[in-house]
Amino acid sequence: MAGSLQGGRTSRRIGHVTFRAILTLFMVAILNFLLFRVIPGDPADMLLAGARNSVSAEQIESQRKSWGLDRPLIPDQLLNYLSTTFQGDLGYSFKFSGRRVADLILERLPATIALVGVAQVIAILCGVMLGIYAGWRRGGAIDHVVSGTSLALYSTPPFWLGMVLVLVFSTALGWLPGYGSYSPSAATADLPDWLGDRARHLVLPVLAIALGLIGQYVVVARAAMSDVVTEDYMVTARAKGLTSGQMLMRHAFRNALLPVVTLVTLNLGYIVSGAITVESVFAWPGIGSLTVEAVNGRDYPVLQGVFLLLGLSIVVANLVTDLAYGILDPRVR
Amino acid sequence: MTKLTAESRRHLRTQAIKSFLRRFLGHNGAWLGLLALAFFLVLAAMPGALVGPLQTAITATGDFLIPPSTQHLLGTDEIGRDVLNLIVHGARTSLTIALVSTVISLIVGITVGMTSGYYGGRIDAWLMRTTDFFFVIPSFVLALVITPVVLEVIGRGGDILGFRPSLFVIILVIGSTSWAFVARIVRSQTLSLRERQFVERARVVGTNDLNIMVHHLLPLLVPQVAANGALVVANAIYTETALSFLGLGDPLQPSWGTLLSLAERAGAASSGAWWYFGAPGLCVLIVSLGFVLVGNALDDTFNPRRRAIP
Amino acid sequence: MKNPCQQAKAPILAVEGLAVDYRLRGSSLPTIRDVSFEIQAGEAVALVGESGSGKTTTAMAIAGLLPPNAAVSGGEVRYRGDRLPIDDDAAMRPHRWSEISVVFQGAMNALNPVHRIIKQIAEPCQLQLGMSRDEAIARARELLELVGISAERGRAYPHELSGGMRQRVMIAMALACSPSIVIGDEPTTALDVITQAQILKLLTALRSQLNLALILITHDLSVVAECCDRVMIMYAGRLVEDGSVADIFANPKHPYTKLLIESIPNPEHGKRMVRPIPGDPPTLQHRPSGCAFRSRCPSAMPVCATEVPNLKRWEQGRVACYLHPPMKHEEKALANA
């Protein structure tokens, strides 16, 4: 009976979390729609301006119809917008004449995922470990150095860090490339060289994003661990004869991880802004550079597409961490 | 209950302030942070007196991209402007944006959080759902799409309430998208305060809701709001810098972020012009670190960890 | 009075001249001083005092569990005649839980919220007794049944149990490595009266069943009468009286003990008001000279201000007060001069 009660609560929680995620996504879409219509000028012009040169008049007319631009704003246009968006139709770019926004985004996505993914994995591994260690041995020399450095990293704009890294390792020392994601000369090389070239290009931008993230993770993991260390159950563990290593691994680690998981969702804004600005510094051919081009060229359809993508990834990331929290902490299951 | 005379109440208050200051200033971080902030506030308050009027693109005073010298302590930019001059004036722009947008987000956050916590029920449910949205979607992401659209709508010329339009828009957008954090904290505080006796008593006596909120609840929220407000400022500086870096700042009244953006476009990092982007970046780092340190110290002071002795 | 056979038996635990200091901002504060007592196998002893009297610090020092800002500054603790390395974490480890275990107060916080209770009970069996995982789980199931919880509940997490159940889990956990001594650190403080009685009954039953020595830390004298053989009263870091339960209640000697007993609400006396002890106990930072109790003591003498009274054998027990034994006239004059 207790088991089924537990199961019921868990599925209710998952339902609740999922509902909130969908609601948030819905609000993102509505905001996107409204912003679109606020811009002066005929929305059809805006949406199709980029397509003019390469699309025939009939195609434009049919597109107008399919978007319902001849009907009232709410609810017809809104519903239309939602359904076309849902089908992956995000309009045409102004700047890249005639190209579909969805195609542009898909083309740029892998580079960003590689960059952010590698940076995030490195940051979580290093940041959480260092933070937990600093909190465990708080007050020691290592703790002072680690937490001081982390606070500074946490306050540094990652793109500026990127510029400093370029200055030092690329311009001054010439060790690593500070521009683009590959060298043209290596594009046709065989696999090992090709991979090596890509990896070398990845180092500095990944470092720029990861260092800032490490700062954040260290700060939070350290605070979480400092709280756990003073908990009564740590005294119990000590009384039971656990070694300090066993206490850390069996009783402190998982408990200290809980606030860190929550943090991951809280600093998504940091990750997104970090990735976008760092990509711009390194001319990394990902979503970030696309965003910068869209902002400066007032390429609204692309900007809208990017917003939708960011909203979607943030909501999904939130959903994942919410569920992960449920697995880690039996109290919220 | 004993009645407190005005005299003894005043005494109690000075006592409380004294003990607060003693604990707050006991943190080394608080000192460092306050020192850094004071320095930059002075820069921002009187840039004209320190380095003369803001030189625009037209009044270049030196050669292009020359390294620091006695004439230009921090060198010049790609069109010959004095970097020190730009930075000191940038302090004013950056801090104004950060502080004003923080004030906006505190006002919105406190209002939403207090209303939500005080009235509860349906109002709470709807306000919190809205708060959730702003909590989940980062301020930077919202600002990134809203700012260009709003700028397009109102145009970049003229000025609004004494601000240049792009500054005004950035302030407004950052302020109106970063309040969710504050609202959540204020709401949970209000929920627990609402049950206290003095609120009940005020209600029985017939004090109206607004009065209760402003005179009875608000003063008790100050500690939490202050500690988190410092972090909100740090965040606002960060968001502003990133937005300006992407080209949404005002080139005619450059903030530190705008300067970094200009430096980036001039290829400062790849041409070795460290003085051009080094200084504005350091300024951002020091100011936001200052606010983080002060915020941490405030938080520590108001929510002391477990006592040293059981 | 005592039978000779019992007298010859060596005590299972002997504490001698124990002293503990807390460090606070560079200065070291004497917290407990000169605490000495012995406990026989299977004996139940209560350590009673107000909060801040040092009773928990004493217990934690004996178990080698002082926090990092406290340190043993004198004396020793012997278990079956051998010195326990209570100030050395690593050397103490083999003795933990298998010789002395602890039932902490507030089991909600003393149990790790993210682990199932069965795992937490089995953990010391695996680590201290070297059992395999399955053996340890089987042992934990037995222990749960022993404290009156069905073994199936072992899969629960601490937050899913009631306060009384959690305290039972704590007791089961304390018994995991078959210790000879169990320290109960206010094990029933957070519980309601009925649950409190059940837990005390359980402790008493298990004690006789397993021949455990029990050190019960409490501020509540009424708890003591039900389940202990002997009482030690602590005040401001020192033992002030030690005697059998019957003796202490019938014939308290130290003025503090007298006042403590008078402050117990007694239903037989009907509506008579409970008399709280006037004044506050001294804080750690401001310990008075001489006898720490003198400022609240109804029969304080000038001599109490100058020298700390030693804990001396008197009649059946021990007491630290200048009233016992009563001084002769000329002695008094000499001491007060």
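The values are calculated or read from the model by the stated rules, or taken from the named source; none is laboratory data. For clarity, every value in this text was computed on a predicted model and none was experimentally measured. Cβ placement follows ideal geometry from the backbone for every residue including glycine, while neighbour counts extend to all protein chains displayed. Quick note on the areas: whole protein, heavy atoms, side chains included, nothing else; ligands and nucleic acids left out. Shrake-Rupley method; radii C 1.70, N 1.55, O 1.52, S 1.80 Å.
Under the condition of being under 16 Å from B:Val222 (Cβ atoms) and either within 8 Å of chain A (Cβ to nearest Cβ) or without any contact (Cβ under 8 Å) to a residue 40 or more places away in the chain (or both), the residues counted in region B:291-302 number 0. Do we have any residue at all in region A:204-218 that's in contact with a Leu (Cβ under 8 Å, 6 or more places away or on another chain), away from chain B (no Cβ under 12 Å) and over 30 Å from B:Leu262 (Cβ atoms)? Scanning region A:204-218, I find at least one residue that is in contact with a Leu (Cβ under 8 Å, 6 or more places away or on another chain), away from chain B (no Cβ under 12 Å) and over 30 Å from B:Leu262 (Cβ atoms), so the answer is yes. Taken over region A:248-268, the criterion of being free of Cβ contacts under 8 Å to residues at least 40 places away in the same chain and crowded, with 20+ Cβ neighbours inside 10 Å is satisfied by A:His251, A:Asn255. Taken over region C:272-294, the criterion of being more than 20 Å from C:Val48 (Cβ to Cβ) and among the polar types (S, T, N, Q) is satisfied by C:Gln285, C:Ser289.
For region C:81-98, filtering for residues that are surrounded by fewer than 24 Cβ atoms within 10 Å (Cβ to Cβ), out of contact with any strand residue (DSSP E or B) (no Cβ under 6 Å at 6 or more places or on another chain) and either without any contact (Cβ under 8 Å) to a residue 40 or more places away in the chain or at the interface with chain A (Cβ under 10 Å from one of its Cβ atoms) (or both) leaves 11.
Which of the following residues is surrounded by 22 or more Cβ atoms within 10 Å (Cβ to Cβ) and within 14 Å of chain B (Cβ to nearest Cβ): A:Phe159, A:Phe169? If you could, list the steps in order and put the result at the bottom.
Details: A:Phe169 fails: surrounded by 22 or more Cβ atoms within 10 Å (Cβ to Cβ).
Checking each option against the conditions leaves just A:Phe159.
Taking the conditions (1) within 14 Å of another protein chain (Cβ to nearest Cβ); (2) of a type outside the set (Gly, Ala, Ser); (3) open to solvent by 70 Å² or more (accessible area, probe 1.4 Å) in turn, A:Val121 satisfies each one other than (1). Which residues, taken from region A:288-305, are in a helix (DSSP H, G or I), open to solvent by less than 10 Å² (accessible area, probe 1.4 Å) and closer than 23 Å to B:Arg265 by Cα? If the condition is that a residue be in a helix (DSSP H, G or I), open to solvent by less than 10 Å² (accessible area, probe 1.4 Å) and closer than 23 Å to B:Arg265 by Cα, then A:Gly288, A:Leu290, A:Thr291, A:Ala294, A:Val295, A:Tyr300, A:Val302, A:Leu303 are the ones that fit. Of the residues screened, B:Thr258 is not one that is in contact with a Leu (Cβ under 8 Å, 6 or more places away or on another chain), surrounded by 19 or more Cβ atoms within 10 Å (Cβ to Cβ), within 14 Å of chain A (Cβ to nearest Cβ) and in a helix (DSSP H, G or I).
Every residue, every condition in (1) assigned to a strand (DSSP E or B); (2) among the acidic types (Asp, Glu); (3) within 12 Å of another protein chain (Cβ to nearest Cβ); (4) surrounded by fewer than 17 Cβ atoms within 10 Å (Cβ to Cβ), yes or no:
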| site | (1), (2), (3), (4) |
| --- | --- |
| C:Val20 | yes, no, yes, no |
| C:Gly52 | no, no, yes, no |
| C:Pro68 | no, no, yes, yes |
| C:Glu76 | yes, yes, no, yes |
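Being part of a helix (DSSP H, G or I) and open to solvent by less than 20 Å² (accessible area, probe 1.4 Å) narrows it down to one residue among B:Val232, B:Val214, B:Val204, B:Val225; which is it? It would help to see each step written out before you state the result.
Details: B:Val214 fails: open to solvent by less than 20 Å² (accessible area, probe 1.4 Å); B:Val204 fails: open to solvent by less than 20 Å² (accessible area, probe 1.4 Å); B:Val225 fails: open to solvent by less than 20 Å² (accessible area, probe 1.4 Å).
Only one candidate qualifies: B:Val232.
Among the residues of region A:213-234, is there at least one that is of a type in the set (Ser, Thr, Tyr), farther than 30 Å from A:Val272 by Cα, assigned to a helix (DSSP H, G or I) and at pLDDT 75 or above?
Here is the first cut: in region A:213-234, the ones of a type in the set (Ser, Thr, Tyr) are A:217, A:226, A:230, A:233.
Narrowing the set further to residues that are farther than 30 Å from A:Val272 by Cα leaves A:230, A:233.
If we keep only those that are assigned to a helix (DSSP H, G or I) too, we end up with A:233.
Going one step further and asking which of them are at pLDDT 75 or above, we end up with A:233.
Within region A:213-234, one or more residues are of a type in the set (Ser, Thr, Tyr), farther than 30 Å from A:Val272 by Cα, assigned to a helix (DSSP H, G or I) and at pLDDT 75 or above.
Which residue out of B:Thr111, B:Thr131 is open to solvent by less than 30 Å² (accessible area, probe 1.4 Å) and in a helix (DSSP H, G or I)? Don't jump to the end; show me each part of the working.
Details: B:Thr111 fails: open to solvent by less than 30 Å² (accessible area, probe 1.4 Å).
Among B:Thr111, B:Thr131, only B:Thr131 is open to solvent by less than 30 Å² (accessible area, probe 1.4 Å) and in a helix (DSSP H, G or I).
Going through region A:207-221 one residue at a time, which ones are among the β-branched types (Val, Ile, Thr) and open to solvent by less than 10 Å² (accessible area, probe 1.4 Å)? Answer for region A:207-221, where residues must be among the β-branched types (Val, Ile, Thr) and open to solvent by less than 10 Å² (accessible area, probe 1.4 Å): A:Ile209, A:Val218. Against the numbered list (1) open to solvent by 20 Å² or more (accessible area, probe 1.4 Å); (2) within 13 Å of chain B (Cβ to nearest Cβ); (3) under 23 Å from the mean Cα position of the chain (by Cα), A:Asp232 comes up short only at (3). Please determine, by comparing only the residues of region A:306-333 that are small (Gly, Ala, Ser) and open to solvent by less than 10 Å² (accessible area, probe 1.4 Å), which one is nearest to the other protein chains (Cβ to nearest Cβ). The selected residue is A:Gly311. Among the candidates B:Ser244, B:Ser288, the residue that is within 19 Å of A:Asn296 (Cβ to Cβ) and either more than 7 Å from chain A (Cβ to nearest Cβ) or buried (at least 22 other Cβ atoms within 10 Å of the Cβ) (or both) is uniquely B:Ser244. Residues that are at pLDDT 85 or above and either closer than 26 Å to B:Ala227 by Cα or touching a Gly at 6+ places or on another chain (Cβ under 8 Å) (or both) within region B:137-166 comprise B:Ile137, B:Pro138, B:Ser139, B:Phe140, B:Val141, B:Leu142, B:Ala143, listed in sequence order.
Which members of region C:112-124 meet the condition of being surrounded by 24 or more Cβ atoms within 10 Å (Cβ to Cβ) and either more than 7 Å from chain A (Cβ to nearest Cβ) or of a type outside the set (S, T, N, Q) (or both)? Residues satisfying the conditions are C:Ile117, C:Gln120, C:Ile121, C:Ala122, C:Glu123, C:Pro124.
All conditions in (1) without any contact (Cβ under 8 Å) to a residue 60 or more places away in the chain; (2) over 22 Å from C:Ser178 (Cα atoms); (3) within 13 Å of another protein chain (Cβ to nearest Cβ); (4) not hydrophobic (A, V, I, L, M, F, W, C) hold for C:Thr56, with the sole exception of (1).
Would region A:132-140 turn up any residue that is within 14 Å of chain B (Cβ to nearest Cβ), open to solvent by less than 30 Å² (accessible area, probe 1.4 Å), closer than 30 Å to A:Met249 by Cα and touching a Ser or Thr at 6+ places or on another chain (Cβ under 6 Å)? Please lay out each step first, then the result.
Initial filter on region A:132-140 (within 14 Å of chain B (Cβ to nearest Cβ)): A:135, A:138-139.
From the residues that got through so far, the ones that are open to solvent by less than 30 Å² (accessible area, probe 1.4 Å) too are A:135.
Imposing the further condition that a residue be closer than 30 Å to A:Met249 by Cα reduces the set to A:135.
From what's left, touching a Ser or Thr at 6+ places or on another chain (Cβ under 6 Å): A:135.
Within region A:132-140 (the criterion being within 14 Å of chain B (Cβ to nearest Cβ), open to solvent by less than 30 Å² (accessible area, probe 1.4 Å), closer than 30 Å to A:Met249 by Cα and touching a Ser or Thr at 6+ places or on another chain (Cβ under 6 Å)), the answer is yes, since at least one residue qualifies.
Within region B:270-284, the residues that satisfy the criterion of being closer than 11 Å to A:Met163 by Cα, facing chain A (nearest Cβ under 8 Å) and open to solvent by less than 10 Å² (accessible area, probe 1.4 Å) are B:Phe277, B:Gly281.
Any residue at all in region C:129-145 that is under 24 Å from the mean Cα position of the chain (by Cα) and open to solvent by 50 Å² or more (accessible area, probe 1.4 Å)? Steps first, answer last, please.
As a first pass, look at region C:129-145 and keep what is under 24 Å from the mean Cα position of the chain (by Cα): C:143.
This time we only want the ones that are open to solvent by 50 Å² or more (accessible area, probe 1.4 Å), so: none.
No, because not a single residue in region C:129-145 is under 24 Å from the mean Cα position of the chain (by Cα) and open to solvent by 50 Å² or more (accessible area, probe 1.4 Å).
Do the conditions hold for C:Ala197, that is, is it modelled with pLDDT of 85 or more, of a type outside the set (S, T, N, Q), in a helix (DSSP H, G or I) and out of contact with any Leu (no Cβ under 8 Å at 6 or more places or on another chain)?
On the way: modelled with pLDDT of 85 or more: yes; of a type outside the set (S, T, N, Q): yes; in a helix (DSSP H, G or I): yes; out of contact with any Leu (no Cβ under 8 Å at 6 or more places or on another chain): yes.
When the stated conditions are applied, C:Ala197 passes them.
Based on this model, can you work out whether B:Val136 counts as under 23 Å from B:Leu221 (Cα atoms) and in contact with a helix residue (DSSP H, G or I) (Cβ under 7 Å, 6 or more places away or on another chain)? No.
Scanning for something open to solvent by 40 Å² or more (accessible area, probe 1.4 Å) and more than 10 Å from chain A (Cβ to nearest Cβ), does region C:100-108 turn up at least one residue? Explain how you work it out, then say what you get.
Step one: of region C:100-108, the residues open to solvent by 40 Å² or more (accessible area, probe 1.4 Å) are C:105, C:108.
Those still in the list that are more than 10 Å from chain A (Cβ to nearest Cβ) too: none.
The answer is no; no qualifying residue exists.
Quick check: anything in region C:189-209 open to solvent by less than 20 Å² (accessible area, probe 1.4 Å) and of a type in the set (S, T, N, Q)?
Kept after step one, since they are open to solvent by less than 20 Å² (accessible area, probe 1.4 Å), are these residues of region C:189-209: C:199-200, C:203, C:206.
With of a type in the set (S, T, N, Q) added as a condition, the list becomes none.
Looking for residues that are open to solvent by less than 20 Å² (accessible area, probe 1.4 Å) and of a type in the set (S, T, N, Q), one finds none in region C:189-209, hence no.
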